[in-house]
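The values are calculated or read from the model by the stated rules, or taken from the named source; none is laboratory data. Here the structure is a predicted model, which means the values were calculated and not measured. Here the Cβ positions follow ideal geometry from the backbone for every residue, glycine too, while neighbour counts run over all protein chains shown. Accessible surface is based on the protein model in full, side chains and every heavy atom, while ligands, DNA and RNA are left aside. Shrake-Rupley method; radii C 1.70, N 1.55, O 1.52, S 1.80 Å.
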Amino acid sequence: MDYPQLVKIAEKAKEKAYVPYSNFRVGAALLTVEGQVFTGCNIENASFGMTNCAERTAIFKAVSEGYNNFQAIAISTDTQEITSPCGACRQVLIEFGENIDVIMANVKGQYEVYKISNLLPLAFSPNKLEEERLNE
Ligand code: THU
């Protein structure tokens, strides 16, 4: 699976976005190291804070199906400028590896790729919980 193909899958997933409040559609396509692809869209709610981003939809689908090794995630929006994932999605992504490629695509399918570790410097990641804790 190459990245242009993954972007196309994210574009298709965007069509499923449930966005009656923002009308801001986001699609995601998450590629596992096994080559499986899980898609996601944003899902809004009348109680706005309950909204789930496209990226987290895809991640939760994958993990709940037994996949948690990810190579890349493509994200597609309808804007001219590329859209980068929100802080919550960055945190959820880095849980599963600092080397995940984040592919951000604009409405024309043009994209840029960043490592998740570059999008979330000094992250609180699983290894932090392994560090020695000193209690008084
Ligand atoms: N949204 C995403 O799906 N992913 C992001 O990384 C940023 C924001 C969604 C949430 C909401 O439905 C809409 O975009 C506007 O914030």
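Points to keep in mind about this one:
- Close contacts from segment 120-136, counting a first residue that is in contact (Cβ under 8 Å) with a residue 24 or more places away in the chain and closer than 23 Å to Val102 by Cα and a second that is open to solvent by less than 100 Å² (accessible area, probe 1.4 Å) and aliphatic (A, V, I, L, M), with Cβ to Cβ under 6 Å and a gap of 6+ residues or different chains, come to Leu120/Ile94; Ala123/Ile94; Ser125/Ile94.
- Count of segment 77-95 residues which are within 11 Å of the ligand (Cβ to nearest atom), without any contact (Cβ under 8 Å) to a residue 40 or more places away in the chain and not hydroxyl-bearing (Ser, Thr, Tyr): 8
- Comparison of Ile75, Ile43, Ile103, Ile94 shows that the only residue that is touching a Gly at 6+ places or on another chain (Cβ under 9 Å), modelled with pLDDT of 95 or more and at negative phi is Ile75.
- Of all residues in segment 112-128, those that are within 19 Å of Phe38 (Cα to Cα) and within 15 Å of the ligand (Cβ to nearest atom) total 1.
- Complete set of residues in segment 58-76 that are open to solvent by 20 Å² or more (accessible area, probe 1.4 Å) and either aliphatic (A, V, I, L, M) or within 10 Å of the ligand (Cβ to nearest atom) (or both): Val63
This table checks each residue for (1) near the ligand (Cβ under 10 Å from one of its atoms); (2) in contact with a Leu (Cβ under 9 Å, 6 or more places away or on another chain); (3) without any contact (Cβ under 8 Å) to a residue 60 or more places away in the chain; (4) closer than 17 Å to Ser64 by Cβ.
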position	(1), (2), (3), (4)
Lys12	no, no, yes, no
Tyr21	yes, no, yes, no
Glu34	no, no, yes, yes
Gly49	no, no, yes, no
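- Evaluation of Glu112 against the conditions (1) in a strand (DSSP E or B); (2) within 13 Å of the chain's Cα centre (by Cα) shows that the sole unmet condition is (2).
- Residue within segment 79-89 that is within 21 Å of Arg56 (Cβ to Cβ) and either part of a strand (DSSP E or B) or open to solvent by less than 30 Å² (accessible area, probe 1.4 Å) (or both) present: yes
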